[in-house]
Structure formats: structure tokens, C-alpha cells
Amino acid sequence: MESAFKRIHWPKLLATILFAIVGLIFIMPFLWMISASFKLESDVLKFPIEWIPSTWNAVENYNEVWFGAKSFALYYWNSIKISVFTTIVSSVFSCFAAYAFAKINFKGRDLLFLVVLSTYMIPPQAIVIPQYLIYSSSGLIDSHLGLILLNSFSAFGTFMLRQFFVSVHDEVIESARMDGAGHIRTFFSIALPLIKPAIATYAILRFIWTWNDYQNPLIFLRSDSLYTIQIGIKQFADAHGSIFSLMMAAAVSAIVPLLIVFIIGQKQVIEGIALGGVKG
Amino acid sequence: MLLSKNQLRDNVAGYLFVAPMLLGSAVLILFPIVASFILSMTDWNFVTGLAGANFVGLDNFAALFSDSVFLKGLTNNFILLLVVPIGLFLSLILAVVINKGVYFKDTFKVIYFMPYISSTVAIALVFQVLFHPTQGPINQTLMALGIENVPGWIASTDWALVSVMLIIIWTQIGFQVILYIAALQNIPPQLYEAAEVDGASMWYKFKNITVPLVTPTTFLLLIQGIVSTFKVFDLIIVLTEGGPANSSTIPVLYMYQQAFEELKTGYASAISVILFLILVVITFLQWMGQKKWVNY
């Protein structure tokens, strides 16, 4: 008992308490958002702030967001579809390219790798106009397929996964090749399983970035029925701009599911970020 | 003979593996960047169609540098750069304490990381209400604390850009803290132990061990921070739309407005070319600077 008591490091405990308070202030915008989304509109801007609503209006607010004139259910479905497919397609393309750049000794490899890397430097905003022109002349405007393709060629993914393939020992690959396995089989049965955690990290990051993307859906989608959640909340806010409780319920609906994904995959996300030093 | 057959096989496999990535990048990224340069020298707009386009040389660029909104945006963008050093300073301090000084380290990482992964659109909508000049919770709190001249935040030409900057710092801190913690964990503990034997103070250790040894990360975050300020689109278009009176506009927003609202394709392309060139210069400086002042 006494020794357990001694093991508590008091300055550390004090710093923890202090940091808990700072952390609470830091996430106050989130707490306020959640609290406001449960309130009657007339209580939202009351001061002092009622952190726990005196009158609950949660069911009515969320009902209006999810099943009202602008249906979040549909926006959600669209966002899930686009994010899942973008993640899959982009991971597949990046994995293939990364493996070749790391483990296949083909002519012109370094030059081609440099070409892919150079695309990492190009900001999406500098190419959005020509992309729009290409899309409008090929019928990809206002389609989910177009939006999915737009984010499917990731230099970052290729670069990051290549690092992991490089760290797979050559002997492992070569012994498989000796046994007569072709590149395809070596890739699927030997190399890919070895870097699963890295792929998971990339996939989670790509999912989060696609889910939160506002600019591309804004420019490339036209029909309300195709809108993603990000366009959806903006539409909703424009329609209910002065009804803050509904706006906050919409914001919660956009943020919270992703926070859950993040908290489940936090280890992968945080390690991935630390590893790649990236910004989407 | 056998070797060359193997080599041939390797070549074919290699090209097949990289083909999707390479083709996609060529069509959707490399060709567009070249096209941007060409378009920036035309007076094309979406309305007249391709037939009505004329080559105008550098006229668009000349016009941009006497366009007061563009220049205002450029100035704002340079003011926006202030978020980088401020954010890095706060992040390093947070990272040092979280890394060694507190319990529940992982929980703190998650808390500070939350804004970074949250939808920017949703965050902008929340802050629109929080920053409401008369009834918003922030100003009500300030008034309750006895401050009489509360800022007008996003409704005021003096404060709109400041509001944007505060939100950027808030959303970026988590990302920077994570990278700093990763860097701190790579510092050999013996360095601190040796300094402790010599009776070094905490400040001394921070200044002479921690700060120099995390410079590669600081440098990376500095460059990335600078680059990202040139891309702050979602936040500004939802929060302020560049207003009031263009007080919070930046070039990327103006480019979007010129291209997709005014439909001036050529003129907007000139803005995107300038953005691209600025980022190329920054990347070049990064490449140069990395050799010069980063302690590995």
C-alpha cells in the first residue's frame, strides 16, 4: 500500500491534472457543439452556457437533420460509398506500384519513381481547372466514379508503402522466386501479407481524407442526389442558417462517426502520421 | 541468354505493376499541370468555349498584379504564415510535457488530435456560431469577464483573418504534437542523463538538447505548415467566404471564385500557376535548407 503510494510521481500527477484542464478547454468547441445539438433553439445562445440542456430537444433536432427535407441518410450513403471505393482503389494502385518500385528490377525504374514522386509536389488547386475540363469533356462530371478516380492516384501512398516493401528482406522475395513463383504470386502471397499494418494505416488515412474532402465534391458534383456529407452539411446550413441547434446536430452527424473510426484505429493513424509526416 | 530472359520478365512485370499508377497520374495530374500553364496564357472563359480563346501571352499575370483583390489575398496569405511559428512553439511545449511529464499519454494524444481529423466544414460551422459577435459564447464569456471592447471576429474586417488563424492553429496542433513526440522518442536518453549529472536545469536541457535535436522535425513541419497555408480553402470558403470586404481572402479562394463563379478560365489558371510557382520555390528552399541548418 505504502509502496504503491510512493510510486505516484507527484509533479507528474499535477501536470496530468493541469493538462486535463487544458485538454478540456481545447475540446470545448466539440463539447459545446454536442450540447447545443441537444437543445431547444431558444436555449442555444443562453448565457451562462447550459452544458447540460435544461430542456431536451435532441430527438426533434436529429430527426430533422436525418429525415427532413435534406436527407442526411442519403448524403451519408454517398460519402461511405465514395470513401470506401477511393480507399480500396487507391490502396490497390499504390500497393502495386510501390512493390514494383521497391522489389522489381526493371529498366527505367528510378526515373519513373521520380515522375510519380514529382506529382506529390503539385497542389490539387493548381490542376483543378484542367481536371474539370477533362472531366466535362469525358462525361465524368457529376458522377461518383469521377470523384473516386480523382483521388485514386496517390504519390504519397506509393511513397509510403514503398518504404515498407523496401524493408522486406530481399532473401524472402528471392527464395519465393527461386521456388518458381512469378512476381504476381510473390506479391500476393509473400510481400503483401508482410506489410499489412502499413496498408491499414494508409487506408485509414485515405478514408479520413476522402470523407472530409469538401473541395472536390463541391467542384465536381452537381446533383443533390450525389452530394457527400460535407456538401450536405453546407447545404443544410445554407437552408437553416439561423437555426443553430439544427446546424450543430448536422455538424455532430458529420464529425462523430469519423471520430469513432479514429478512436478505433488511433494506433494506426497516429503511427502513420508520425511515420509519414504527412498532411493530406 | 537466361539472364536476359529474366530481365525481360522483370521489365514486363515492373511496367504492368506501375502502369495504373503512372497512367492515372499522367492523365489526372501531370497533363493538367502543363495545361494550367497553357490556359494561363489565354483569355478563355467557360462561356465562349474553346473556339473563342485567344493567346494573350502574359496579360493575365500583368492584370493579376494590378488586381487589388488578388494582391490583398497574397498579403493575407503572408500574414497567415504567422500561424506556423506560433503553432510549432505551442506544439513543441505540449509534446515535451505529454511525452514525459503526464499519465495517460495516449489519451492526451487523441484529445489534441481530434480537431485535425474532424470535418473542416463542420468545424467552420461550429465556429461561425462560437464567434458570433454579439450572442456567441466566446464573446459572451469575454464580456462576463469584464472585457468591454470585444472583437468582432468573423464579422469584422480587422478580426476575420485572425479568426481564421486561430482555427488553423487549433486544427494543426494535434498533427504537430504527434510528429514532435515521435521525434522526442528518438533522442537518446543518455544525453539527458549526462546533462543531469552535470546539474543542468530543465530549461538548459530543453534549449541545448531538445530543441537542436528536433530541428529535422521542426524544419519538416515549418515547410509543411507554410505549404498548407496556401491551400486553406475549405475553412475560409465556409467560414467567411473571404469576407467581410475581402479581408480574409487568399489566392486559392480567389482562384476558385474566378474559375467557377466568374467562369474566367484563363485568368483563374494564371492564379493557379502563381500558386504552383510559389510552392515550387518553397520546396526548393526546403531542399537547400535541409542541408544547411538541420542537425542530424
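Tally the residues that are in contact (Cβ under 8 Å) with a residue 24 or more places away in the chain and more than 7 Å from chain A (Cβ to nearest Cβ), restricting the search to segment B:274-284. First the steps, then the outcome.
If we filter segment B:274-284 for residues that are in contact (Cβ under 8 Å) with a residue 24 or more places away in the chain, which is where we start, we get B:274-276, B:278-279, B:282-283.
So of that shortlist, the ones also more than 7 Å from chain A (Cβ to nearest Cβ) come out as B:274, B:278, B:282.
Of the residues in that region, 3 qualify.
Mind counting the residues in segment A:114-172 that are without any contact (Cβ under 8 Å) to a residue 24 or more places away in the chain, in a loop (DSSP other than H, G, I, E, B) and small (Gly, Ala, Ser)?
The total comes to 1.
Would you call A:Ile260 under 30 Å from A:Gln163 (Cβ atoms), surrounded by fewer than 24 Cβ atoms within 10 Å (Cβ to Cβ) and facing another protein chain (nearest Cβ under 10 Å)? Even if it seems obvious, please write down each step before you answer.
Working: under 30 Å from A:Gln163 (Cβ atoms): yes; surrounded by fewer than 24 Cβ atoms within 10 Å (Cβ to Cβ): yes; facing another protein chain (nearest Cβ under 10 Å): no.
So A:Ile260 fails the test.
Please indicate, with yes or no, whether at least one residue in segment A:184-193 is of a type in the set (Ser, Thr, Tyr), within 12 Å of chain B (Cβ to nearest Cβ) and assigned to a helix (DSSP H, G or I).
yes
Could you tell me whether any residue of segment B:43-54 is modelled with pLDDT of 90 or more, of a type in the set (A, V, I, L, M, F, W, C) and either loosely packed, with under 13 Cβ neighbours inside 10 Å or within 33 Å of the chain's Cα centre (by Cα) (or both)?
If we filter segment B:43-54 for residues that are modelled with pLDDT of 90 or more, which is where we start, we get none.
The answer is no; no qualifying residue exists.
Suppose we filter segment B:107-160 for residues that are in contact with a Pro (Cβ under 6 Å, 6 or more places away or on another chain) and at pLDDT below 85; how many remain?
The qualifying residues number 0.
Okay, residues lined up against (1) assigned to a loop (DSSP other than H, G, I, E, B); (2) facing chain A (nearest Cβ under 10 Å); (3) among the hydroxyl-bearing types (Ser, Thr, Tyr); (4) more than 26 Å from B:Ala155 (Cβ to Cβ):
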{"position": "B:Leu222", "(1), (2), (3), (4)": "no, no, no, yes"}
{"position": "B:Ile237", "(1), (2), (3), (4)": "no, yes, no, no"}
{"position": "B:Gln257", "(1), (2), (3), (4)": "no, no, no, no"}
{"position": "B:Leu263", "(1), (2), (3), (4)": "yes, no, no, yes"}
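Which one of the conditions (1) at pLDDT below 85; (2) away from chain B (no Cβ under 11 Å); (3) surrounded by fewer than 15 Cβ atoms within 10 Å (Cβ to Cβ) does A:Pro48 fail to meet, given that it meets all the rest?
It is condition (2) that A:Pro48 fails.
Mind listing just one residue for me: the one in segment A:75-95 that is aliphatic (A, V, I, L, M) and buried (at least 16 other Cβ atoms within 10 Å of the Cβ) and, of those, farthest from the other protein chains (Cβ to nearest Cβ)? Please lay out each step first, then the result.
From segment A:75-95, those aliphatic (A, V, I, L, M) are A:80, A:82, A:84, A:88-89, A:92; that's our starting set.
Filter again for buried (at least 16 other Cβ atoms within 10 Å of the Cβ), leaving A:82, A:89.
Numbers: A:Ile82: 14, A:Val89: 9 Å.
Checking each candidate, the answer is A:Ile82.
Residues to consider are A:Arg206, A:Arg162; find the one that is buried (at least 18 other Cβ atoms within 10 Å of the Cβ), basic (Lys, Arg) and within 20 Å of the chain's Cα centre (by Cα). Spell out how you get there, then give the answer.
Numbers: A:Arg162 fails: within 20 Å of the chain's Cα centre (by Cα).
Just one listed residue meets the conditions, A:Arg206.
If A:Phe26 meets every condition in (1) over 30 Å from B:Gln140 (Cβ atoms); (2) surrounded by 15 or more Cβ atoms within 10 Å (Cβ to Cβ); (3) of a type outside the set (Ser, Thr, Tyr); (4) without any contact (Cβ under 8 Å) to a residue 12 or more places away in the chain apart from one, which number is that one?
With (1) over 30 Å from B:Gln140 (Cβ atoms); (2) surrounded by 15 or more Cβ atoms within 10 Å (Cβ to Cβ); (3) of a type outside the set (Ser, Thr, Tyr); (4) without any contact (Cβ under 8 Å) to a residue 12 or more places away in the chain applied to A:Phe26, the lone miss is (1).
The values are calculated or read from the model by the stated rules, or taken from the named source; none is laboratory data. This structure is a prediction, so every number in the text was calculated from the model and none was measured. Cβ sites come from the backbone with ideal geometry, for glycine too, and all protein chains shown count toward neighbours.
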